[in-house]
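The values are calculated or read from the model by the stated rules, or taken from the named source; none is laboratory data. Fair warning: this is a prediction, and the values are worked out from it, not measured in the lab. Cβ placement follows ideal geometry from the backbone for every residue including glycine, while neighbour counts extend to all protein chains displayed. The area values use the complete protein model at the heavy-atom level, side chains included, leaving out ligands, DNA and RNA. Shrake-Rupley method; radii C 1.70, N 1.55, O 1.52, S 1.80 Å.
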Amino acid sequence: MTSFKSTMQFDPSETVATKGLGMLPSSAENRNLPISPPASVKDDAEVGKEPSGVSCEDWSGKYSFAPIKEHHVARAMTKRYGDDLYRTAVSDVIIVGCGSAGLSCAYSIARERPDLKVTILEAGVAPGGGAWLGGQLMSAMVVRKPADNFLRELGVPFEDEGDYVVVKHAALFTSTILSKVLSFPNVKLYNATAVEDLITVKDPLKSGNLRVAGVVSNWTLVTLAHGLQSCMDPQTITAPVVCSFAGHDGPFGAFSVKRLVATGMVDKLGDMRGLNMRCAEDCIVNATREVVPGLIVGGMELSELDGANRMGASFGGMLASGQKAAREAIKLYQSYDIVDGEVAGGKVTA
Ligand code: AHZ
C-alpha cells in the first residue's frame, strides 16, 4: 500500500479493527495519506472546479469532458439493462456459452435472420471461452480447411499453410467475431450470467415428450454464492430454440447435457474421449444437432454427450459446429407455429 491516495479524512485513532474494514491502510505511515489530487496536478485551484459545460479535445492541457452527474451513469446502465431483460425475457433463440462455437452460431443466426432475437448467456465476465489463445497459452490459432471460408467471411486475416490456415493470434479471431456479434441490433449478450437450469415443458409436437423451452439464469456470482447460503431464486428466459455450447466438462462445462441426464431426458453421458485430431472435428460438426426437442448442442459440449474425441488446439470444428447449429436452429424455428414466444405446434404448410 504505497501510492493509494484517499480523499477520505482518516482519523489516526481509528484502527482497522474499529473500522471493520480489512482493506484500509493500517501502518502509521499510511495514516497520513495525502488528500487528492495526485501530485501531477499542479494547480490546486483547478481541483473540484465544475466543468465548463463544453467538451473540448484539446491536448495542450485543456482537454475537458462534457458534464455528467453520477445518476446519469447509473441510469444509463440500469435503464438499458432493465429494458434488455424485459425485451429478451421472450427470445427467439438462446445461446448458452460464448466460446468459439457459441460465437460462431450467434454470428451466423444474427446475420441470416436479423428479425430474430438472439440472446447469449455467458458465465464468465469475458466472452470468448478458450478462444483467446491457441494451445498451451500460445497465441496462434489453427483452423483447418474448409473453415477458412468462415474466417474470410468475418474478415479475419490468416496465413495459408495448405490444408490449414493460421490466425496469428486467437484473440484476433475472437475480438473480430465478438465485435460483429455485438454490433448486430438483434443480439443481446449477458456475460457474468450463468445458466443454472433448463426450462422443460410438455412438447405440443409429441405427446408424452418434454421439450426445452428456455433457460433459468442467474448472475454467476449469485450462482457461485449458492454454496455459501440458501438458494437464491433465479431469472428465466424463454425461447422456441435453445443452442448450448457450454464446452467440455469443467466447473461450468457441459452444463446443458449434464442437466438432461439429471432430469431424465437423456439416459447417460458418453463422456469425452481422448484426443484424436484426425477425426474429432468432422465428428463434432456432423453430429451437431437437436439432441432433445428444442435443444441443439454443439462444440465440445457435444463430445461429452456423444462420447466423441477431443481435437486439441484446432478450431475449425468449433467454428463449423456453430455454423451448423445456426442452420439447424433456423430450420427448427421456421418449422414451428409460435404463439406468444412458445411453440404451440408444427407449422401447417398449405
Ligand atoms: O464460460 C464458459 C465458456 O465461455 C461458458 N459456459 C459454460 N457453462 C455455462 C453456463 N452458463 C453460461 N452454465 C456457460 N455459460 O461456455 C463457454 C464454452 O466455451 P469453450 O471455449 O470452453 O467451448 P467451445 O466448445 O466453444 O470451444 C472448445 C474449444 C476446444 S476445447 C478442445 C480440447 O479440449 O481438445 N479443443 C478445442 C478447439
Item to check | Those residues of segment 151-195 which are away from the ligand (no atom under 15 Å from the Cβ) and of a type in the set (Ser, Thr, Tyr), in sequence order | outcome: Thr176, Ser179, Ser183
Checklist outcome for this item: Pairs returned, first residue in segment 318-335 that is within 16 Å of Leu116 (Cβ to Cβ), second residue that is open to solvent by 50 Å² or more (accessible area, probe 1.4 Å), beta-carbon separation under 6 angstrom, 6 or more apart or interchain, are Ser335/Lys347
Checklist entry - Restricting attention to segment 326-337, does a residue exist that is within 13 Å of the ligand (Cβ to nearest atom) and either closer than 24 Å to Pro240 by Cα or surrounded by fewer than 17 Cβ atoms within 10 Å (Cβ to Cβ) (or both)? => result no
Item to check | Matching option when the condition is buried (at least 16 other Cβ atoms within 10 Å of the Cβ), within 30 Å of Ala239 (Cβ to Cβ) and in contact (Cβ under 8 Å) with a residue 24 or more places away in the chain, among Ala110, Ala126, Ala140 | outcome: Ala110
Item to check | Any chance Lys258 is open to solvent by 40 Å² or more (accessible area, probe 1.4 Å), of a type outside the set (A, V, I, L, M), away from the ligand (no atom under 16 Å from the Cβ) and part of a helix (DSSP H, G or I) | outcome: no
Next on the checklist: Just checking, does segment 217-228 include any residue being open to solvent by 70 Å² or more (accessible area, probe 1.4 Å), more than 30 Å from Val181 (Cα to Cα) and at pLDDT 95 or above?
Outcome noted: no
Checklist entry - Which members of segment 299-325 meet the condition of being more than 7 Å from the ligand (Cβ to nearest atom) and in a loop (DSSP other than H, G, I, E, B)? => result Gly307, Ala308
Next on the checklist: Given the criterion farther than 25 Å from Ala329 by Cβ, out of contact with any Lys or Arg (no Cβ under 6 Å at 6 or more places or on another chain) and more than 10 Å from the ligand (Cβ to nearest atom), identify the matching residue among Lys117, Lys79.
Outcome noted: Lys79
Item to check | Selection within segment 149-174 - out of contact with any helix residue (DSSP H, G or I) (no Cβ under 8 Å at 6 or more places or on another chain), open to solvent by less than 80 Å² (accessible area, probe 1.4 Å) and touching a residue at least 12 places away in the same chain (Cβ under 8 Å) | outcome: Val166, His169, Ala170, Ala171, Leu172
Checklist entry - Going by the conditions given, is Gly294 at positive phi, touching a strand residue (DSSP E or B) at 6+ places or on another chain (Cβ under 8 Å), near the ligand (Cβ under 8 Å from one of its atoms) and open to solvent by less than 40 Å² (accessible area, probe 1.4 Å)? => result no
